[in-house]
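Notes follow the structure.
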């Protein structure tokens, strides 16, 4: 699945002029004129870098460098620093809003690319983004980080991540992936300052951001008052293992043990939508299926729950039989009748090789 269905498909989206094309429709037809997102580019760099580190295939490193160099040339703001949200098909800045989420994925992709390539320019760029986040986004009064800023790092009225998200001062999702990015950067440039920035993020994610039922709260005001929203079981189970992985990256055994019961509760909350046949209630997007597999693998690894491995296997089998498109990549989601949702793209701002390639790599580790 990893090499033929996922990475093989994304290799075909490589633009000979630089980077990767920004969109392909349901049938796989590439839209070369489509805008290109920073998150997509950074996730492609991470996916090929991590796959190279696992499998050692030179073409994966070449693809990772192709994405990483494009990211450095076009998504890093030469005037103020930080990461643009999007560029047009020619690589010119399009949406100059600077989401915390995009800065985090810049760090995540570039730090992984440094691990794969040893090229210092990727490490240095990731470290620069870390400094920018701590300087401009950190909330010294209430803790945590601001969701988004303008190009010059002034404040914004609309900080929403997408048209599906609430306009909130702080979000669970951005803090989750900032923790993931910081922990990965710690593997590259360990420092006490970076550790001290990462540990509070993990504490926030597994305590303050969790409701009485064990689900993550998703949106907050500046002073951490939660905003009404529906639970997101996919984020529950994703966080349940990512937080533990971050603690391991920090080499902090006591933190790992502190987080473990909290993460178990999050995993249980995420599994509330999992059916015995491996399907998920509510027809969620593809990434929730991938995270459900990984979350249950970690339940078996770190919590000794034998039945969790069986759940992971059932979900993986369901993915193979229903979500995998034989022509390449996964469908976005399934409709209530079980057919693929043909209204959504194969590749785009939010359809990346990150969740499903990461799932495959976790399975290879198992």
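The values are calculated or read from the model by the stated rules, or taken from the named source; none is laboratory data. What you see is a predicted model; the values in this text were computed from it and never measured. Quick reminder, even Gly has a Cβ in these numbers, built from the backbone with ideal geometry, and neighbours come from all protein chains shown.
For this structure, a couple of remarks:
- Residue, farthest from residue 44 (Cα to Cα), within segment 331-366, restricted to residues that are in a loop (DSSP other than H, G, I, E, B) and touching a strand residue (DSSP E or B) at 6+ places or on another chain (Cβ under 7 Å): 341
Yes/no matrix, rows are residues, columns are (1) in a helix (DSSP H, G or I); (2) surrounded by 21 or more Cβ atoms within 10 Å (Cβ to Cβ); (3) in contact (Cβ under 8 Å) with a residue 60 or more places away in the chain:
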| residue | (1), (2), (3) |
| --- | --- |
| 44 | yes, yes, yes |
| 49 | yes, yes, yes |
| 52 | yes, yes, yes |
| 59 | yes, no, no |
| 67 | yes, yes, no |
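- Taken residue by residue, segment 304-319 has no member that is under 21 Å from residue 177 (Cβ atoms) and buried (at least 16 other Cβ atoms within 10 Å of the Cβ).
- When each of 14, 36, 73 is tested for being crowded, with 24+ Cβ neighbours inside 10 Å and either closer than 17 Å to residue 118 by Cα or in contact (Cβ under 8 Å) with a residue 12 or more places away in the chain (or both), the lone residue that passes is 36.
- Within the set 126, 89, the sole residue that is within 17 Å of residue 41 (Cα to Cα) and crowded, with 22+ Cβ neighbours inside 10 Å turns out to be 126.
- Here residue 246 passes the criteria (1) closer than 30 Å to residue 192 by Cβ; (2) in a loop (DSSP other than H, G, I, E, B) except the one numbered (2).
- Every residue from segment 129-155 that is surrounded by 14 or more Cβ atoms within 10 Å (Cβ to Cβ) and without any contact (Cβ under 8 Å) to a residue 40 or more places away in the chain: 137
- Answer residue from segment 283-324, given it is at pLDDT 95 or above and not in a helix (DSSP H, G or I) and is farthest from residue 357 (Cα to Cα) among those: 284
- Residue match in segment 258-271 (condition: crowded, with 22+ Cβ neighbours inside 10 Å and part of a loop (DSSP other than H, G, I, E, B)): no
- In this structure, residue 249 qualifies as in contact with a helix residue (DSSP H, G or I) (Cβ under 6 Å, 6 or more places away or on another chain), surrounded by fewer than 24 Cβ atoms within 10 Å (Cβ to Cβ), under 21 Å from residue 181 (Cα atoms) and at pLDDT 95 or above.
- Qualifying residue in segment 192-208 (condition: out of contact with any helix residue (DSSP H, G or I) (no Cβ under 6 Å at 6 or more places or on another chain) and not in a helix (DSSP H, G or I)): no
- Checking residue 22 against (1) under 25 Å from residue 111 (Cβ atoms); (2) out of contact with any strand residue (DSSP E or B) (no Cβ under 8 Å at 6 or more places or on another chain); (3) in a loop (DSSP other than H, G, I, E, B), the condition it does not meet: (2)
- Selection within segment 76-86: residues that are part of a loop (DSSP other than H, G, I, E, B) and touching a strand residue (DSSP E or B) at 6+ places or on another chain (Cβ under 8 Å). The member of this set that is surrounded by the fewest Cβ atoms within 10 Å (Cβ to Cβ) is 77.
- Residue pairs whose Cβ atoms lie under 6 Å apart, separated by 6 or more positions or on different chains, with the first residue in segment 198-216 and buried (at least 20 other Cβ atoms within 10 Å of the Cβ) and the second in a loop (DSSP other than H, G, I, E, B), are 209/217; 215/231; 216/209.
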